[in-house]
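The values are calculated or read from the model by the stated rules, or taken from the named source; none is laboratory data. Fair warning: this is a prediction, and the values are worked out from it, not measured in the lab. In this analysis, Cβ positions are derived from the backbone assuming ideal geometry, glycine residues included, and neighbour counts consider all displayed protein chains. These accessible areas exclude ligands, DNA and RNA; they are computed on the full protein's heavy atoms, side chains included. Shrake-Rupley method; radii C 1.70, N 1.55, O 1.52, S 1.80 Å.
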Amino acid sequence: MRTLIHSAYARVRFGRARGAAATLAAALVLGTATARAEDATLGRYLPLYPGLYLDLDYLQDARDRVFDADGRERDTALPTLDGSTRLPLREARARLTWTFPLFESQDLPFFSQRLHTARLTLRYVRADTRGRLAEVVDANPLLARDGSGVGDTTLEFGSFLWGSRHWRDEASVPGNAGLLLIGLNVPTGVYEHEAPVNAGSNHWAFHARLGTALRPWRGAILEAGAGHRLHLRNEEPQFGGLAPSDEGDDSWLDLSLNQRLWRGVHLSLSFTERRGRANRYDSPQFAPNAPPPPNAFSDTVPTPGIYHDDGTALRTAGLSLSGFIGQRWLLGLSFVRPLAGASGEFALPFTNRQPAGCIEGAATCTRSPGETVIVDGLGPARSYASDRWMLSLRHNFGQGDAFSCTGCSR
């Protein structure tokens, strides 16, 4: 990889804009991204030469299979509901990444001697409900199939703890690097609380990750990282409260190995592991697999209360191929196969009322314990076992250092 980057310096000519040439050369080590923050994005812990980069991604996931609460792979999105259910997802994503020095002339401890990065991610999501659950939704005029549209916004800022001190020296390519990154999920996405699937999450979340990148042999990049995400409360959980009102905090590990096959073409293998703590559900209002009432003059409703599942998990392996189209465009195709996981489910007891729809406390209202059913948690409680495909395109704008400094190339 060192040879590849040095050859790029020799090939690219931007006159006196040497910083732009270095920006393009650094982009040669970058590939494609996958769906979530914990997924392995090639080059995610490598410092780029100061400049602006744009990533455009298109993700497609059939979401027709899940891992149930016992870790078994099931051929439906909701194992507790009779019949087959699919919750297909298509997502378009644009991410702007800036790499820059900070306070160089002030010689501030930590900040002045390293590079920093800022990232802005925007999304547009098409979600849908199909199969058995769609029949349940269509039978109730108060429910909706989806809340598609603009997705949540992610803001991130990080500093390279090592590996970026000599970024101005074009002949110096770091053998290893480390990045500390913090991020914020802003709930700007469309959210239809009567729908089982949505573009937005309807709650704030914070995450932090620490990762390192090494060059174990020529033409190879090995990256590994770990992160943790904290979720704030969702005050209006979707689909009658079958999605968590308090999503459990989750942690993840990621590992990837990229190998240059030939000039401008790279192959990457990735592995991720995520574990989520128990999710909380506040007084669900209904369930698709609700038990029938005991007779024609009564009905059955969920018993109010606080319920928890046993948490979630997901392990994936990925393969991506990327290559350059000219000098400023990088095209990539990635495939992710879930290997193991677990989704959230919980036991929901029901109460029988007679006559149907009577008000609690009324002299004529009789209540009695009903059946208890196992219910699938929705939203972040689902760990899908379906394969994911993503097409990615990266553009380097060719900018140099946007900050004035002493000793810059003119």
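Points worth noting:
- Among the conditions (1) open to solvent by 20 Å² or more (accessible area, probe 1.4 Å); (2) β-branched (V, I, T); (3) under 30 Å from H266 (Cα atoms), T300 misses just one, which is (3).
- Residue within segment 156-165 that is within 15 Å of the chain's Cα centre (by Cα) and under 30 Å from G219 (Cβ atoms) present: yes
- Within segment 329-352, the set of residues being surrounded by fewer than 17 Cβ atoms within 10 Å (Cβ to Cβ) and of a type outside the set (A, V, I, L, M, F, W, C) comprises R337, P349, T351.
- Number of the exception - E371 against (1) part of a strand (DSSP E or B); (2) charged (D, E, K, R); (3) more than 30 Å from V66 (Cα to Cα): (3)
- Filtering segment 362-381 to residues that are surrounded by fewer than 15 Cβ atoms within 10 Å (Cβ to Cβ) and more than 30 Å from A313 (Cα to Cα) leaves A362, A363, T364, C365, T366, S368, P369.
- Search result, residues across segment 53-110 that are among the acidic types (D, E), out of contact with any strand residue (DSSP E or B) (no Cβ under 7 Å at 6 or more places or on another chain) and in contact (Cβ under 8 Å) with a residue 40 or more places away in the chain: D70, D82, E104
- Of the strands (runs of 3 or more DSSP E) lying entirely inside segment 276-335, those containing at least 1 residues that are of a type outside the set (F, W, Y) and modelled with pLDDT under 95 are 299-302, 312-325.
- Residue within segment 131-138 that is at pLDDT 95 or above, touching a Phe, Trp or Tyr at 6+ places or on another chain (Cβ under 9 Å) and open to solvent by 30 Å² or more (accessible area, probe 1.4 Å) present: no
- Every residue from segment 208-221 that is among the aliphatic types (A, V, I, L, M) and open to solvent by less than 60 Å² (accessible area, probe 1.4 Å): A208, A213, A220, I221
- Residue within segment 225-235 that is surrounded by 17 or more Cβ atoms within 10 Å (Cβ to Cβ) and under 30 Å from L142 (Cα atoms) present: yes
- Residue-level analysis places L143 among those that are open to solvent by 30 Å² or more (accessible area, probe 1.4 Å), modelled with pLDDT of 95 or more and either of a type outside the set (D, E) or under 15 Å from the mean Cα position of the chain (by Cα) (or both).
- Residue list for segment 259-294, restricted to those being crowded, with 17+ Cβ neighbours inside 10 Å, within 21 Å of the chain's Cα centre (by Cα) and within 18 Å of L319 (Cβ to Cβ): S268, S270, T272, E273
- In segment 87-127, residue farthest from F397 (Cα to Cα) [restricted to those that are assigned to a loop (DSSP other than H, G, I, E, B) and among the charged types (D, E, K, R)]: D107
- Scanning segment 84-117 for residues that are closer than 30 Å to L133 by Cα and either within 22 Å of the chain's Cα centre (by Cα) or open to solvent by 80 Å² or more (accessible area, probe 1.4 Å) (or both) gives R86, L87, P88, L89, R90, E91, A92, R93.
- When D254, D310 are screened for being under 18 Å from the mean Cα position of the chain (by Cα) and either within 30 Å of S392 (Cα to Cα) or surrounded by fewer than 18 Cβ atoms within 10 Å (Cβ to Cβ) (or both), only D254 passes.
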